[in-house]
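I have placed the structure first, in the form of structure tokens, so that the comments after it can refer back to it.
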Amino acid sequence: MPEPVETHDPEGVDYGWVMQTTFVVTIVVGAPVVALIAWLVGVSLPTWAARAEFAIRVGAVVWFVVAVGVFLYARRTEDDSAAENASSKSEN
């Protein structure tokens with residue numbers, strides 16, 4: 001029988017969750033945002049190199065905004081759950 005996999009219960013923000021969520025949300029939201037911005041701005045992207053450069057520049061901004069948003073969400077929910085745990089312990 002294989003050894004059980006160890007678990008980890010992080011104290012504070014779970015940075016693994018933040019990184020995974022940032023990755024998924026950036027792909028799901030970022031691709032349409034890059035396409036929409038290219039269409040709205042009306043930039044000429046005649047070559048694959050130009051398209052890739054544009055996607056990287058806009059995608060970097062999208063990634064940064066998503067990463068900050070996900071981190072702030074994780075921190076806020078951690079603060080809320082910590083306050084809830086403290087209040088429930090004080091009632092007992």
How high is the relative contact order of the chain, given as a whole-number percent (alpha carbon pairs under 8 Å, six or more residues apart)?
48 percent
Helix 48-91: inclination vs the chain longest Cα principal axis, degrees, rounded to 10, gives 20 degrees
Calculate the all-directions average of the projected area of the chain's alpha-carbon convex hull, and give it in nm².
10.6 nm²
In Å, descending, principal axis extents of the Cα set of the range 1-49:
58, 29, 15
Nearest 500 deg cm²/dmol is fine: what mean residue ellipticity at 222 nm does the chain get from its DSSP H runs of n ≥ 4 alone, each adding -39,500 (n - 2.57), divided by its residue count?
-28500 deg cm²/dmol
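Each reported figure results from applying straightforward, stated rules to the coordinates on display, with no laboratory input. Being a predicted model, the structure only gives us computed values, none of them experimental.
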